Structures are given as C-alpha cells and as structure tokens.
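Report on one structure; see the data block that follows.
The values are calculated or read from the model by the stated rules, or taken from the named source; none is laboratory data. What you are looking at is a predicted structure, and each value in this text was computed from that prediction instead of being measured. With ideal geometry, Cβ positions are generated from the backbone for all residues, glycine too; neighbour counts draw on all protein chains shown.
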Amino acid sequence: MAEVCFAARSRYGGTILEHEHRWLELVLMLEGTSTVLSGQREVAVGPGDLLIHPPGERHAHTGGAISTVYCGLNDTGAFPGGFRVLPIPHGDVLERWMTDIAITMMGGEPDLDDDTMSHLADAVLARVRALEGQATPSGHPALVQICATVLGDLTQDWNLSGLADEVGVSTGHLNLLARRHLGCGLQRWIEDRRIELARRLLRDPYRDIAAVAMDCGYQDPNYFARVFRKRIGCSPGQWRRGDVSPSPS
C-alpha cells in the first residue's frame, strides 16, 4: 500500500527554488498560474493542472501567487515516468481525496487513521493512472510516446514531421496510426487537447485571453479565437462569461 510522506494545502507566490524529493510528488493547481522548470523543460501551468514530479527529479517554480494542494507518496515503482502535467477534469474526485489527505496531515478534520490514509493514497494513484490512460492512448509504442510528449507541453509548436522523426516512422505512417488509434489525424488530436486546456484555463477570470492562447500553443490570439469559435461554437470571452452553453464539435 502507498504511504503518505507529506501533504498540505498551500498559498504562496514568487519563486520556489530548485529542489527535489525522495518521493513521488503530486501537486494540483487550484488557483493562479506558474511556470515549472524541470530539467531542460519549462512548462506553464494553471488551475486544474496536476504536476507529477518523480522521485529525485529537480524542479522549481516561478510566477505569481498560486494555491495548491500537494502530497508526497512513497512510490514503489508502480508509477513510472518522468515529469509531466496532467489536466484534471473540473470537479474530479481527485481534488477531494488529495485535500482530505492534506488536511489530515495538517492536523485538521477529517482526521483519518493511518490505514485509511494508505487506502486513500492508493486511490489517488489509481485515479491518476486512470486519467492518464484516458489522455494517452494505448496502441503502437511510437504513438504512445508521441502523445505523452505532446501532452507534456502543449505550448510547443509541434511539427508532425519532427515528431515522426523522433520515433523513427514516416509522417504518413504516423497519421495512419493516429487515425487507427485516436480516431482522427494527429494535428486534430493535438488541437483537441489544446482546446480542452483552453476551456479549463478560461475558468480563471484573471487570466488574459491572449495569455491563455499562448499557454495553449497559439502565438496569435486572433487565430486562437477563430479556432475556439469553430470548435466550441462561441468566442473565448463568451465561454468565460457563460453567455452561451455550447457543445464541442
């Protein structure tokens, strides 16, 4: 069973200096935005993002004031992989489970016993694995690797040819794999993930729409607005205000 090594709810701002943990650390962003530096990667994160920091991997944060709930879990090797960011659906049970663990560790209510905490930690890990399974398809190893790479940083201007070269397949074969396992071309799949992220980031009323566009990989906010309207049926501003109740195309 998993062991909870540390956990808390936190509000802080500014820079968090580079550090590492002996344990797997899960950080769920609740409010605000930050930039995470992990190895050679620099990733913008915001509300609803789950940061997965593996044991021993050094990382740092820069940015404004943020609110998080986080926990460190004894990783027995059943949760492999490097640093990544996983979008968590709004209202997902994971937030409540992590919050219950954090409150208990901080001495509040609910005051869960050790056995319950271990079961809840196991449930958290299982839920994260399930959510990762929904985001990253099974199938051909090359496609799985590419999808995990793209999901790790949607701000990048991913080039289909470059991604194909990275895993040693042709662009045509890569698109064939995508259509077979994802139900659409890879570019369409990437756009879907970006629009999912945009809908989540737009829930933060203090985040500028142009900044949302950048965080989702769109350098031109006008182009972002056109893509968003085409896919969702309304402008990003309308989505934020709740003026309409659109459904994704």
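Computed values, structure above
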read-out	value
Matching residues, region 221-249, being exposed (fewer than 12 other Cβ atoms within 10 Å of the Cβ) and either of a type in the set (D, E, K, R) or at pLDDT 90 or above (or both)	ASN222, TYR223, LYS230, ASP243
Strands (runs of 3 or more DSSP E) within region 1-85 that include 1 or more residues touching a strand residue (DSSP E or B) at 6+ places or on another chain (Cβ under 6 Å) and of a type in the set (Phe, Trp, Tyr)	4-12, 66-73
Residue in region 203-229 that is farthest from ARG241 (Cα to Cα), counting only those that are within 20 Å of the chain's Cα centre (by Cα) and of a type in the set (Ser, Thr, Tyr)	TYR218
Residue among ALA213, ALA198, ALA225 that alone is in contact with a Ser or Thr (Cβ under 8 Å, 6 or more places away or on another chain) and either of a type in the set (A, V, I, L, M, F, W, C) or without any contact (Cβ under 8 Å) to a residue 40 or more places away in the chain (or both)	ALA225
Hits in region 53-84 - residues which are among the aliphatic types (A, V, I, L, M), under 21 Å from ASP122 (Cα atoms) and modelled with pLDDT under 85	ALA78
Residue within region 146-168 that is surrounded by 15 or more Cβ atoms within 10 Å (Cβ to Cβ), over 26 Å from LEU51 (Cβ atoms) and at pLDDT 80 or above present	yes
Selection count where residues are at pLDDT 80 or above, out of contact with any Ser or Thr (no Cβ under 8 Å at 6 or more places or on another chain) and β-branched (Val, Ile, Thr), scope region 112-145	3
Sole residue being in contact (Cβ under 8 Å) with a residue 12 or more places away in the chain and closer than 24 Å to VAL69 by Cα, chosen from GLU132, GLU191	GLU132
Qualifying positions in region 22-72 - in contact with a Pro (Cβ under 8 Å, 6 or more places away or on another chain) and of a type in the set (Lys, Arg)	ARG22
